[in-house]
Amino acid sequence: MALRTLLAIMRMFWPDGCIGALEIDRKSPRFWNKCINEFLRYYTFDPRFATEAEARASILAHMRDNLRRTLVDDRERADVKIAGASGTTYADHRPLYMKPDVWSRLAQYWVSEEFKKKSAAEKKARQAVKVPHTSGARSFDRRRRDYMEAHDGKLDELAVYKECHTLKDEERKGEWITEDAQKIIACRTDQLAGLF
């Protein structure tokens, strides 16, 4: 619930004219603290495990990690709608929570040459990875947290590694994405924590 609240706060305070973390840093650097302060009105941190500074740093890291994922999700949902309704564009499929000015900037950016070049470069980099993963845009840290939430706070690094390096489709579910991924878990079981 806390993560959804934080996302809602980020959407509410999203600065006009900013399409990503770097632009927010440059044009509206108070955005991050404004969101953290609002979030801390609803949630507290346990001082036995973190100082206020550590809690704020953790919240900030989470916001920055999930900002990109949120935009990717919004773009992918719009892509599906565009594919199903010929003649429409990103501008026609603004999520209700997104400010019109922000969505307009994003829509322009997603069809720009700059975005297309960056996307192509990222695709090429992903293809060059020797041991790819199936975690998507979610960080391994996020996968660990998800695992712990589902298992009463217990962490099994081997299970998380396997989840992030095996296929998900019905036909091949559970198969290793590459032989190298399987060899790593077999050879370095005791060193897995360092691989993330």
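So the values come out like this:
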| quantity | calculated |
| --- | --- |
| Which label in (i) 17.5; (ii) 19.5; (iii) 16.0 gives the computed Kirkwood radius over Cα pairs in Å | (ii) |
| Residues of the stretch 91-196: accessible area per residue with a 1.4 Å probe, Å² | 70 |
| Solvent-accessible area of His133 with every protein chain in place, 1.4 Å probe, in Å² to the nearest 10 | 80 |
| Mean separation of Cα contacts under 8 Å (6+ apart) over length of the stretch 5-115, as relative contact order % | 34 |
| Selection from Leu167, Ser135, Gln182 lying farthest towards where the dipole of the chain points positive, charges on Cβ | Ser135 |
| Mean-position separation - Cα centroids, the stretch 1-74 and the stretch 152-189, in angstrom | 31 |
| Long-range amide H partners of Thr166 with built H, under 5 Å | Thr134, Ile177 |
| Whole-number percent relative contact order across the chain, with pairs defined as alpha carbons under 8 Å at least 6 apart | 16 |
| Helical contribution to [θ] at 222 nm, DSSP H n ≥ 4, -39,500 (n - 2.57), averaged over the chain, rounded to 500 | -20000 deg cm²/dmol |
| Efficiency of FRET between Cys187 and Lys124 - r from beta-carbon atoms, R0 30 angstrom, step 0.05 | 0.60 |
| Exposure rank, largest accessible area first [Glu113, Glu23; 1.4 Å] | Glu113, Glu23 |
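The values are calculated or read from the model by the stated rules, or taken from the named source; none is laboratory data. What you see is a predicted model; the values in this text were computed from it and never measured. Note that each Cβ is placed from the backbone with ideal geometry, even for glycine, and that neighbours are counted across all protein chains shown. With ligands, DNA and RNA removed, areas are computed over all heavy atoms of the protein, side chains included. Shrake-Rupley method; radii C 1.70, N 1.55, O 1.52, S 1.80 Å.
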